[in-house]
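Please read the structure below before turning to the comments.
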Amino acid sequence: MSQTTLITGGGGFIGSHLCEKILGFGHKVLCVDNFVTGSRENVAHLHPNQDFRLLHHDISMPLEIDGPVDNILHFASPASPVDYLQLPIQTLKVGSLGTHNALGLARLKGSRFLLASTSEVYGDPEVHPQTEDYWGHVNPVGVRGVYDEAKRFAEAMTMAYHRVHGVRTRIVRIFNTYGPRMRLNDGRVLPNLIGQSIRGEPLTVYGDGSQTRSFCHVDDLVEGISRLLFVDDSNPVNLGNPDEVTILEFAREILAITGTTNLIEFLPLPQDDPRVRRPDISRAKKLLGWEPKISRTVGLTRTVRWFADRIQGGR
């Protein structure tokens, strides 16, 4: 019998790729999004599929669904600094009220529940690389705290529903993810640098560029998420690519791929910007038999091509 999977934030960058992945399993997919940061364009190609349904709804408000729901994947949230600095209250609400509503629905329907958490729960880490048992180093009253603490609260709420109500929960801590359907203006380092490179503008690097990130292609990520959904384990799991790179080195890689010679411009480091970020994925390897397959060169080449098509087409 076909399963029904509900994906909050299904019109977003990662959510839309998950809609495709889960439809590929033969599931019926209900995509729930209020399109504050997501896009209808991301799922427009899925409308002809009779197993796909789109519901315009803010999950921070209660949601009632008729019929069975086998799986709920909670991916609704602003997820870039530009978004959550402009929408701090909405970010906190979707992490708290939205998670509560999604978990309540999972409890009512007897659904599996998977929470999209983030490497930002580790804050500006004092442990490197980051393992799931590290509790983090977060400034709760800083400008980034609205996102960091919303996700930390969401994890606590998810574990409470697991312990008290027996909801079958999973938590994925997502590290920097990239690929097609990222918004060019979302403020994250990768679309910023790619867009500037394609347009012939100086590439903006914050601080001296020595801070590090670890970039995982979205195809690798959704494969890991889809495996985690069907594994009976409630503890958080890091999903990301441990191939760490400095931001300055990353900017130079993008220039090489785009074949441009733009200048690099250095700007002050934003408040509470993490100095390092690299996942320890030992748990994912053991539990899921998962590790990323797509190299940064291959993934960036695909992503640059996707962005170039949109920039040159005026989209």
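Here are the numbers for this structure:
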quantity	calculated
Positions within region 235-254 being closer than 30 Å to His162 by Cα and buried (at least 16 other Cβ atoms within 10 Å of the Cβ), in sequence order	Pro236, Val237, Asn238, Leu239, Gly240, Asn241, Pro242
Qualifying residue in region 103-116 (condition: at pLDDT 95 or above, of a type in the set (Ser, Thr, Tyr) and more than 18 Å from the chain's Cα centre (by Cα))	yes
Test for Leu92: is it of a type outside the set (Asp, Glu), in a helix (DSSP H, G or I) and under 17 Å from the mean Cα position of the chain (by Cα)	yes
Set Leu248, Leu269: member being within 18 Å of Ser210 (Cβ to Cβ), hydrophobic (A, V, I, L, M, F, W, C) and in a loop (DSSP other than H, G, I, E, B)	Leu269
Output for region 214-245, where each listed residue is part of a strand (DSSP E or B) and within 15 Å of the chain's Cα centre (by Cα)	Ser214, Cys216, His217, Pro236, Val237, Asn238, Leu239
Single unsatisfied condition, Ala76 versus (1) more than 21 Å from Cys19 (Cα to Cα); (2) surrounded by 23 or more Cβ atoms within 10 Å (Cβ to Cβ)	(1)
Residue within region 280-294 that is over 17 Å from the mean Cα position of the chain (by Cα), modelled with pLDDT of 95 or more, buried (at least 16 other Cβ atoms within 10 Å of the Cβ) and among the aromatic types (Phe, Trp, Tyr) present	yes
Selection count where residues are touching an Asp or Glu at 6+ places or on another chain (Cβ under 7 Å), surrounded by fewer than 19 Cβ atoms within 10 Å (Cβ to Cβ), modelled with pLDDT of 90 or more and under 21 Å from Gln271 (Cβ atoms), scope region 179-211	2
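The values are calculated or read from the model by the stated rules, or taken from the named source; none is laboratory data. Values in this document were obtained by computation on a predicted structure and should not be read as measured data. As a convention, Cβ positions derive from the backbone with ideal geometry for all residues, glycine included, and neighbour counts pool all protein chains shown.
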